[in-house]
């Protein structure tokens with residue numbers, strides 16, 4: 001029993017860390033540009049498929065190569081998608097709803113393209129690191145440890161980027177005061193595209209990390225979209241710190257509910273917690289109202 | 001558009017639809033598609049009312065449709081209520097759930113509403129398939145396979161004779177359209193326009209955003225649920241497959257083609273969309289890819305939809321008035 | 001230095017500025033007066049590339065800058081300082097200043113500009129790590145001006161610096177504008193609550209209902225009874 005509970009806690013921590021990476025990406029675009037991306041989950045699947053493609057090439061079988069190739073690809077893809085699909089809509093009064101619709105269309109397009117290109121059957125990826133570490137009865141796999149370290153590492157890199165680089169500071173500036181950002185000469189359009197690109201990388205990397213544990217499927221991203229979204233809303237949309245806490249809290253909740261009641265109940269439980277939170281604190285855990 | 005132009009357009013649209021059975025009455029396949037078009041035209045119009053006019057980013061429309069269809073199927077089977085009444089009860093169930101969902105979320109900002117309503121859609125499938133669902137009679141992942149056909153005063157609408165079914169749905173669609181038009185042109189509609197333009201100002205004038213949003217949310221959930229119930233009795237079997245992204249996006253294409261917030265547009269949009277969808281069906285798994293690409297291209301190229309185009313070609317009185325005011 | 005011909009500006013369909021022409025020479029302090037809501041801010045923003053819909057001609061050092069966005073103009077040395085300050089609330093004083101030097105041209109001089117700003121506003125030096133949102137109105141105003149200076153501007157458009165300022169800080173603002181101008185920066189300022197600033201003016205303009213209704217030196221302005229009464233309060 002104790003061992004089982006520890007296992008559940010560990011699994012909650014591991015999933016929580018990857019969720020944190022992905023939810024922070026989602027909250028970042030929302031905080032900076034107020035745009036909502038329905039295709040976020042499809043980029044998660046894309047990360048998984050990219051990893052699968054790269055690893056199935058006969059001469060490569062290292063995750064290092066996967067990251068070296070996939071990260072720039074996701075970055076460029078995210079940037080181009082923002083420039084081509086989202087940016088032209090910004091001039092309109094009703095751009096928010098139009099952005100939701102166009103990204104929903106993109107999600108359908110991508111998901112069904114995966115289905116045609118890769119087939120409906122799920123793909124499995126090899127573990128990033130074999131073996132495990134055991135103390136007495138309980139065992140923790142190296143894979144889990146690496147996933148945890150990489151997710152946290154990703155979040156720390158983002159933190160460094162936002163606090164210490166010029167582009168990162170301009171991203172924060174646009175999020176805090178778009179008018180002020182324009183006054184000091186920050187090109188808003190570039191910041192929007194860059195933020196979108198970064199968030200694409202974050203969720204794509206999340207896909208690479210989690211695909212080892214949960215397979216890659218054409219429509220697997222929807223679950224991730226909703227979970228990331230629930231996490232950001234629970235933590236307060238636009239608040240990075242809020243998303244971090246929320247990801248671990250909800251990751252843990254998911255692990256326990258899944259273990260005790262079954263995976264069918266996970267989304268229902270997440271949703272119930274979200275509704276209760278929003279009823280008491282409409283701005284989420286750490287969000288600002290207005 | 002003013003009321004007269006709207007009514008004229010509705011008359012033209014329904015006039016054309018109304019005489020279609022004269023030509024296709026004997027072709028079962030086309031009659032079936034026309035009925036489906038009518039069904040979705042109501043759902044799309046309801047969604048348009050919520051999103052386009054009320055400015056609520058709701059993504060739960062399909063969910064309320066599915067709730068309505070399950071509710072009517074279960075109510076008519078379990079309590080042997082005639083379908084004509086169970087359909088209304090289903091509307092009430094959907095409307096009540098709409099209020100339940102709306103109460104906590106309609107005070108929130110746009111993206112939160114989108115999340116909560118979309119989450120309703122997402123969790124509906126595990127609920128219907130799971131233990132709770134099976135307990136109320138959803139049939140789990142198998143769905144409900146035998147649903148009593150619609151009958152009124154002893155007359156049973158049969159699936160071999162689709163023309164009466166068509167006209168039943170036709171009348172229902174006209175009633176729903178008139179209700180929606182009434183809402184748009186009434187005090188509610190004006191309140192929403194005011195809220196969209198300047199929420200703070202409108203709130204100061206005593207327009208309670210929350211109250212109106214909740215009312216419109218309940219109304220559209222009711223209508224959508226009612227049509228969902230009708231759909232269940234018409235097709236005779238339902239399952240959670242309706243909750244896939246396919247239907248959801250098809251519904252959205254109807255809005256995009258018709259033009260968001262341009263009321264009778266959604267009706268035209270649904271006929272065009274369903275027709276395109278049928279024409280694409282030989283393409284098999286490429287069809288949804290094309291649908292997705294269509295959404296992207298249409299949103300970029302034709303952001304105001306068909307009605308937007310019509311308005312551009314025939315700028316009515318309203319447009320000129322708007323110009324002189326500004 | 002700045003030459004404006006028949007400038008028109010619009011917000012949506014609202015015609016805010018109507019055929020404005022103006023010439024500002026290098027090293028001048030130009031003061032613009034006029035009732036609130038008649039387009040003074042829009043005018044400053046139009047010059048600085050912050051209004052989307054404009055027509056007419058704006059020249060800067062002989063080169064046409066009509067229709068250019070702020071991200072280009074700031075780099076060329078044209079900077080706007082907003083009446084409502086538009087600081088980055090969740091950032092420290094130092095971060096706000098660093099972002100003031102965002103443009104390429106400013107970055108090259110950011111070290112010396114930081115020194116200059118700190119010598120003009122010694123109080124900011126003590127508060128480099130304070131969050132902008134926790135500053136008082138007066139301090140925030142100083143930070144806004146300081147952030148504008150960090151852009152290495154040659155031309156500053158300052159919008160109502162007295163807004164939300166305690167009266168005793170007004171002298172301070174006047175002193176700073178005088179000092180900035182002495183350092184060679186051309187200043188266009190919208191301000192009517194600080195007589196000392198009017199004193200500095202090489203030229204005065206009055207903007208009413210989107211049009212220039214008076215243009216002249218301060219002596220001429222003082223001779224104009226209508227103006228004296230309404231705007232100068234002297």
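The values are calculated or read from the model by the stated rules, or taken from the named source; none is laboratory data. Because the structure is predicted, anything quoted here is derived from the model rather than measured. Cβ coordinates were reconstructed from backbone atoms using ideal geometry, including for glycine residues, and neighbour counts include every protein chain displayed.
Among the residues of the stretch A:209-220, are any over 24 Å from residue A:67 (Cβ atoms), within 13 Å of chain B (Cβ to nearest Cβ), in contact (Cβ under 8 Å) with a residue 24 or more places away in the chain and assigned to a helix (DSSP H, G or I)? No, the stretch A:209-220 contains no residue that is over 24 Å from residue A:67 (Cβ atoms), within 13 Å of chain B (Cβ to nearest Cβ), in contact (Cβ under 8 Å) with a residue 24 or more places away in the chain and assigned to a helix (DSSP H, G or I).
Looking at B:84, B:99, B:92, B:75, can you tell me which residue is in a helix (DSSP H, G or I), in contact with a strand residue (DSSP E or B) (Cβ under 6 Å, 6 or more places away or on another chain) and surrounded by fewer than 24 Cβ atoms within 10 Å (Cβ to Cβ)? Unique residue meeting the criteria: B:84.
If the condition is being in a helix (DSSP H, G or I) and either surrounded by fewer than 24 Cβ atoms within 10 Å (Cβ to Cβ) or free of Cβ contacts under 8 Å to residues at least 24 places away in the same chain (or both), then the stretch C:74-96 contributes C:75, C:76, C:94, C:95.
Of the residues that make up the stretch A:27-41, is at least one buried (at least 22 other Cβ atoms within 10 Å of the Cβ), away from chain B (no Cβ under 14 Å) and at pLDDT 90 or above? No: the stretch A:27-41 contains no residue that is buried (at least 22 other Cβ atoms within 10 Å of the Cβ), away from chain B (no Cβ under 14 Å) and at pLDDT 90 or above.
Does residue B:52 satisfy the criteria of being surrounded by 24 or more Cβ atoms within 10 Å (Cβ to Cβ) and modelled with pLDDT under 90? Yes, satisfied.
When B:192, B:217 are checked against the criterion of being within 14 Å of another protein chain (Cβ to nearest Cβ), touching a residue at least 60 places away in the same chain (Cβ under 8 Å) and surrounded by 15 or more Cβ atoms within 10 Å (Cβ to Cβ), a single residue qualifies: B:192. Residues of the stretch B:141-158 include at least one that is part of a helix (DSSP H, G or I) and either within 18 Å of residue A:276 (Cα to Cα) or more than 10 Å from chain A (Cβ to nearest Cβ) (or both). Residues in the stretch B:299-309 that are surrounded by fewer than 19 Cβ atoms within 10 Å (Cβ to Cβ) and modelled with pLDDT of 90 or more: B:300, B:301.
To keep it simple, each residue is scored yes or no on (1) more than 9 Å from every other protein chain (Cβ to nearest Cβ); (2) over 11 Å from residue C:147 (Cβ atoms).
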{"residue": "C:58", "(1), (2)": "yes, yes"}
{"residue": "C:67", "(1), (2)": "yes, yes"}
{"residue": "C:78", "(1), (2)": "yes, yes"}
{"residue": "C:87", "(1), (2)": "no, no"}
{"residue": "C:90", "(1), (2)": "no, yes"}
{"residue": "C:97", "(1), (2)": "yes, no"}
{"residue": "C:124", "(1), (2)": "yes, no"}
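Take the conditions in a helix (DSSP H, G or I) and either more than 11 Å from every other protein chain (Cβ to nearest Cβ) or in contact (Cβ under 8 Å) with a residue 24 or more places away in the chain (or both) and apply them to residue B:268. Does it pass? Against the criterion (in a helix (DSSP H, G or I) and either more than 11 Å from every other protein chain (Cβ to nearest Cβ) or in contact (Cβ under 8 Å) with a residue 24 or more places away in the chain (or both)), residue B:268 qualifies. I'd like to check something: does the stretch A:123-144 contain any residue that is more than 30 Å from residue B:247 (Cβ to Cβ), modelled with pLDDT under 90 and within 14 Å of chain B (Cβ to nearest Cβ)? Scanning the stretch A:123-144, I find no residue that is more than 30 Å from residue B:247 (Cβ to Cβ), modelled with pLDDT under 90 and within 14 Å of chain B (Cβ to nearest Cβ), so the answer is no. Say whether the condition of being more than 14 Å from residue A:31 (Cα to Cα), assigned to a helix (DSSP H, G or I), within 11 Å of another protein chain (Cβ to nearest Cβ) and in contact (Cβ under 8 Å) with a residue 60 or more places away in the chain is met by at least one residue in the stretch A:170-189. Yes, that holds for at least one residue. Would you check if residue B:162 is touching a residue at least 60 places away in the same chain (Cβ under 8 Å), closer than 15 Å to residue B:233 by Cα and surrounded by 18 or more Cβ atoms within 10 Å (Cβ to Cβ)? For residue B:162, the condition - touching a residue at least 60 places away in the same chain (Cβ under 8 Å), closer than 15 Å to residue B:233 by Cα and surrounded by 18 or more Cβ atoms within 10 Å (Cβ to Cβ) - is met. Sort through A:17, A:11 and tell me the only one that's closer than 24 Å to residue A:195 by Cα, part of a helix (DSSP H, G or I) and in contact (Cβ under 8 Å) with a residue 40 or more places away in the chain. None of the others qualify; the one that does is A:17. The single residue among A:70, A:107 that is more than 13 Å from every other protein chain (Cβ to nearest Cβ), closer than 16 Å to residue A:48 by Cα and surrounded by 18 or more Cβ atoms within 10 Å (Cβ to Cβ) turns out to be A:70.
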